[in-house]
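Report on the structure given below.
Bear in mind that the values in this text are calculations on the coordinates, not laboratory data. Bear in mind that the values here come from a model prediction, so they are computed numbers and not experimental data. Because the Cβ atoms are built from the backbone with ideal geometry, glycine has one as well, and the counts that use them run over all protein chains shown.
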Amino acid sequence: MIHTIIFDLGNVLLHFDHRIILGRLSPYLLRDAYAGARRDLEALTDAYERGEVRTDTFVSRFLELLSIERPFDRKDFAALWSDIFWINEPLLDLLTALRTDVKLMMLSNTNPMHLSFAEDRYPEVFRPFTARILSFEAGLRKPERAIFDLAIDRSGGPADGCLYFDDINAYVDAAAAAGINAFQYVSVSSVRDILATYELLAPAVRAAGDPIAQP
């Protein structure tokens, strides 16, 4: 029996596009600056998502790697870095149709700036969840086995009583290896079908199509 449903945040509960960040930074970038710094930027972002780097250090190092000399105060950079999300309203609507005896957990690779922005802008996305595991708080990132073991532990039940949705297939595979019933998120209708298969929806819920998501 399913006792906990676990959802990823980015590109599941909230759509996002990292290219928006580069678009905002483009007036300050030298040609090919991002391509040359990409590997170091990915390592920096990984460390930030693990909670190994403080926000002020992340911001200064990020700008340094891209050779951006324009000064940004923390508030301006937080908006530039974080205002890249838009809500997946059909999925949020579907959450209200779940059986009330099932726990909802959020499991996300994220960072303090993104999390703070998303909570302030979209509180309704976070409201249904009674548990959450965030990479920068846990010191772990998907697809590491330990973060899924932590999710199982916090679910309060066995791994095979957890149902998990993530848009990244490698993370789905890692969750499945930990014993979780894991599925790649492709659409709200596919989530609805899976929930119905596990008898997790209220009886009155009817199928409906997905609108096209827009930023």
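Per residue of the chain, what 222 nm ellipticity follows from adding -39500 (n - 2.57) for every DSSP H run with n ≥ 4, rounded to the nearest 500?
One gets -13000 deg cm²/dmol as the mean residue ellipticity at 222 nm.
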**Prompt:** How much of the DSSP beta bridge set in the chain is antiparallel, as a percent to the nearest 5?
**Reply:** 20 percent
**Cα convex hull of the stretch 43-125 - mean projected area over all directions, nm²** = 6.6 nm²
**Asked** Taking the mean number of other Cβ atoms within 10 Å as a proxy for protection, how do you rank 24-35, 93-104 from highest to lowest?
**Response** 93-104, 24-35
**Message:** Apply the a/c threshold of 1.5 to the C-alpha gyration tensor of the stretch 99-169 and tell me whether it is rounded, prolate or oblate.
**Reply:** oblate
**Item:** Per-selection metrics, the stretch 75-215 (Cα): Rg and Dmax in Å
**Value:** 15.5, 47
**Asked** By the gyration tensor of its Cα atoms, with a ≥ b ≥ c the square roots of the eigenvalues, what is the shape of the stretch 27-77: rounded for a/c under 1.5, prolate for a/b over b/c, or oblate?
**Response** oblate
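Pull out a ≥ b ≥ c, the square roots of the eigenvalues of the alpha-carbon gyration tensor of the stretch 1-155, then state rounded if a/c is under 1.5, prolate if not and a/b is larger than b/c, and oblate in the remaining case.
prolate
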**Request:** Return the whole-Å distance between the Cα centroid of the stretch 183-201 and the Cα centroid of the stretch 19-59.
**Result:** 35 Å
**Complete:** Computed over the stretch 16-56, the Cα gyration tensor eigenvalues, each multiplied by 5 and square-rooted, give semi-axes in Å (largest first) of 21, 13, 10
